[in-house]
1. If you rank Asp137, Asp128, Asp107 by how much accessible surface each has, with a 1.4 Å probe, what is the order from largest down?
2. Working only with C-alpha atoms, what are the Rg and Dmax values of segment 32-100, expressed in angstrom?
3. Place a +1 charge on the Cβ of each Lys and Arg in the chain and a -1 charge on the Cβ of each Asp and Glu, then give the dipole magnitude about the Cα centre in debye, rounded to the nearest 20.
4. What list of ³J(HN,Hα) values in whole Hz, one per residue of segment 108-124 in order, does the Karplus curve 6.51 cos²θ - 1.76 cosθ + 1.60 (θ = phi - 60°) give from phi, with Gly and Pro shown as x?
5. Can you list the HN-Hα couplings for segment 87-104, worked out from phi with the Karplus curve (6.51, -1.76, 1.60; θ = phi - 60°), rounded to whole Hz and with x for Gly and Pro?
6. Cross-link candidates for Lys83: which aspartates and glutamates have Cα within less than 19 Å, leaving aside residues fewer than 8 places away along the same chain?
7. Whole-Hz ³J(HN,Hα) for each residue in segment 73-83, computed from phi via Karplus 6.51 cos²θ - 1.76 cosθ + 1.60 with θ = phi - 60°, x for glycine and proline: what do you get?
8. What accessible area, in Å² to the nearest ten, does a 1.4 Å probe give for Lys56?
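The values are calculated or read from the model by the stated rules, or taken from the named source; none is laboratory data. Everything quoted here is computed from the prediction, not taken from an experiment. Every residue, glycine as well, gets a Cβ built from its backbone with ideal geometry; the counts of neighbours run over all protein chains shown. Just the protein is used for accessible areas: all its heavy atoms, side chains included, with ligands, DNA and RNA removed. Shrake-Rupley method; radii C 1.70, N 1.55, O 1.52, S 1.80 Å.
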Amino acid sequence: MNEMRRDFNTRDVMAQELANAVAEKLSEAVHSRGMATLSVGGGRFPQPFLRHLSVKVLPWDRVTVVLGDERWVSPDDDASNEKLVRENLLQGRAAQANFVGLKTLHDEPASGLIEIEHRLQALPPLLDVTVVGMGEDGHTASLFPSASAGELSHALKPANHEQAALMHPAVSEVPRITLTLPRLKASRWLVIAAPGDGKLKTYEEAMNDDDILAMPVRALLQQVEVPVEFWW
């Protein structure tokens, strides 16, 4: 079982340290391979982290940012992860970065999956950095335990190697698109950033059982293919 945990005194210290670490990984990737890829999600914590990252001096024109998950809402909707990333990360120097979103112009998300797959297929097989959150219900990205068993099972183990999946979790008012588990795991460095006492309790529960359908974050915490760090 993989267990690499880092604790911080405050959320802002954690946000600053994560921005520093991510910037270093991206810089190393550009130096080594000529480009870098970063996957980020939504939620409350990413805002300060993304703001700290946005001011880092990096060759941003060689960095591609891809969303880890998205609500099926307009990119100008306050609930949109794309809006979150554009307003908090893709500013100043960082506006030069390439961006890959998960929302299309289709009315129904199922109709947009082919286009989304094409976007994701243009990415390298391994992302350099993936940062996801974790909910107190044990979800990560949009891999929710309250989705149907069929949807969640498909997203965890896609039959045709799909990189994105459609989810209808009971806790969400709108459908969601998420990177599938294999796409999330295909990263050189993966961080689960989840501050708060409730998240620590969830983490401890996740590490003490192996029922992935009950707590999908276990699929990342307990895998061994790539180092996964839990930041709290």
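1. Numbers: Asp137 60, Asp128 10, Asp107 135 Å².
Sorted by accessible area, descending: Asp107, Asp137, Asp128.
2. Taking only Cα atoms of segment 32-100, I get Rg and Dmax of 11.7, 37 Å.
3. Computed about the Cα centre, the dipole is about 740 debye.
4. Values per residue, Gly and Pro as x: 10, x, 4, 6, x, 4, 5, 5, 5, 4, 4, 4, 6, 5, 7, 7, x Hz.
5. 7, 10, 10, 7, 10, x, 4, 5, 5, 6, 5, 7, 10, 10, x, 10, 10, 10
6. Cα-Cα hits under 19 Å: Asp69, Glu70, Asp107, Glu173.
7. With the stated coefficients, segment 73-83 comes to 10, 4, x, 9, 6, 4, 7, 6, 5, 4, 4 Hz.
8. 50 Å²
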